[in-house]
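Right, one structure below, let's go through it.
The values are calculated or read from the model by the stated rules, or taken from the named source; none is laboratory data. Keep in mind the model is a prediction, meaning the values are calculated, not measured. So basically every Cβ, Gly included, is an ideal-geometry build from the backbone, and we count neighbours across all protein chains shown.
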Amino acid sequence: MLLLTSPSIALLAFSGYSQSDLLTFMAKLFDLPRYIAVEGPIRVGKSTLSNILAERLNAQRVTDPEQNSFLKPFYEGEPGAAFQAQFTFLVRRFEQLRDLDLGGSSQKAVISDFIFEKDKIFACLNLNDQELDTYNRYYNHFREQVPTPDLVIYLQATPEVLKKRVKKKNAPGEKAISEEYLEEVVKAYEHFFFHYTSSDLLIVNTSEIDFVERNEDLQELLRKVSAPIKGTQYFLPLGGQEAASA
């Protein structure tokens, strides 16, 4: 009986690979990603994919904090709410990532639907210069104390697709999100990940795929995530085309 003892092997089994495929893959294993983070703008599918990966890998699930009493006032343009909302998120994200058990004694994979740098992406969008100066002092102190993922999966989608998903989700805290703000968020993410080199990176265009409703999309993505990823690689599901690593 084949024992599925590593995250990538377990994921391969759930992705439709045969036992011979698994054995071949095992022979090529080196350093497996123990800590995987899924990122991207609002309603791109981070939580959905993170849940799927965590289930298949039997991994610890780390969820971006959603409850923030300052968020609604911020979206409604209340003065001072931006700093209050951002600082609340900063502290909560720091506390979650600081407490991760990634030591040698633990073999369990970790799947997160955010990276710590996400907080600064939004801080740069939402805070004025004076607020950002105060924020950065705490951010830099906290950043030194949290781990960096082994692999980041960056989910992309066009602003038009995200607008439809926000409208469909109809979450109470997101009703006040303007189209202009959503477009700014998309641009900020694109800029950030264009320069990202802190860990291995898989960029996935999700505008034309649906890994909730279409199982073939999910299986194709899981196979890609199961393969060794080094540096920055792109996964373009549309038409079955994949670009070579950058």
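Tabulated results
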| item | result |
| --- | --- |
| Test result for ILE36, modelled with pLDDT of 90 or more, surrounded by 19 or more Cβ atoms within 10 Å (Cβ to Cβ) and outside any loop (DSSP other than H, G, I, E, B) | yes |
| Candidate set: the stretch 56-102, residues that are charged (D, E, K, R) and farther than 26 Å from GLU180 by Cβ; chosen: the one modelled with the lowest pLDDT | ASP101 |
| Options VAL152, VAL204, VAL186; residue that is in contact with a strand residue (DSSP E or B) (Cβ under 9 Å, 6 or more places away or on another chain) and under 25 Å from ALA82 (Cα atoms) | VAL186 |
| Unique match (being hydroxyl-bearing (Ser, Thr, Tyr) and in contact with a Leu (Cβ under 7 Å, 6 or more places away or on another chain)) among TYR139, TYR181 | TYR139 |
| Hits in the stretch 154-171 - residues which are without any contact (Cβ under 8 Å) to a residue 12 or more places away in the chain and on the phi < 0 side of the Ramachandran plot | GLU160, LYS164, LYS167, LYS168, ALA171 |
| Hey, TYR139 aromatic (Phe, Trp, Tyr), out of contact with any Pro (no Cβ under 6 Å at 6 or more places or on another chain) and crowded, with 19+ Cβ neighbours inside 10 Å or not | yes |
| Which numbered condition ARG214 misses (of (1) free of Cβ contacts under 8 Å to residues at least 60 places away in the same chain; (2) within 30 Å of PHE74 (Cα to Cα)) | (2) |
| Residue among SER50, SER8, SER15 that is of a type in the set (Ser, Thr, Tyr), modelled with pLDDT of 90 or more and either out of contact with any strand residue (DSSP E or B) (no Cβ under 9 Å at 6 or more places or on another chain) or under 22 Å from ASP217 (Cα atoms) (or both) | SER50 |
| Tally of residues being of a type outside the set (A, V, I, L, M) and part of a strand (DSSP E or B) across the stretch 195-238 | 6 |
| Leading residue by the ranking (nearest to GLY45 (Cα to Cα)) among those in the stretch 95-133 that are part of a helix (DSSP H, G or I) and without any contact (Cβ under 8 Å) to a residue 12 or more places away in the chain | GLU95 |
| Unmet requirement for PHE89, which otherwise passes all of (1) surrounded by 20 or more Cβ atoms within 10 Å (Cβ to Cβ); (2) touching a strand residue (DSSP E or B) at 6+ places or on another chain (Cβ under 8 Å) | (2) |
| Of residues in the stretch 143-192 being of a type in the set (Ser, Thr, Tyr) and assigned to a helix (DSSP H, G or I), the one farthest from the chain's Cα centre (by Cα) | TYR181 |
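Every residue, every condition in (1) at positive phi; (2) in contact with a Gly (Cβ under 6 Å, 6 or more places away or on another chain); (3) among the aliphatic types (A, V, I, L, M); (4) at pLDDT below 85, yes or no:
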{"position": "PHE192", "(1), (2), (3), (4)": "no, no, no, no"}
{"position": "HIS195", "(1), (2), (3), (4)": "no, no, no, no"}
{"position": "SER199", "(1), (2), (3), (4)": "no, no, no, no"}
{"position": "ILE203", "(1), (2), (3), (4)": "no, no, yes, no"}
{"position": "SER207", "(1), (2), (3), (4)": "no, no, no, no"}
{"position": "GLU213", "(1), (2), (3), (4)": "no, no, no, yes"}
{"position": "LEU221", "(1), (2), (3), (4)": "no, no, yes, no"}
{"position": "SER226", "(1), (2), (3), (4)": "no, no, no, yes"}
{"position": "THR232", "(1), (2), (3), (4)": "no, no, no, no"}
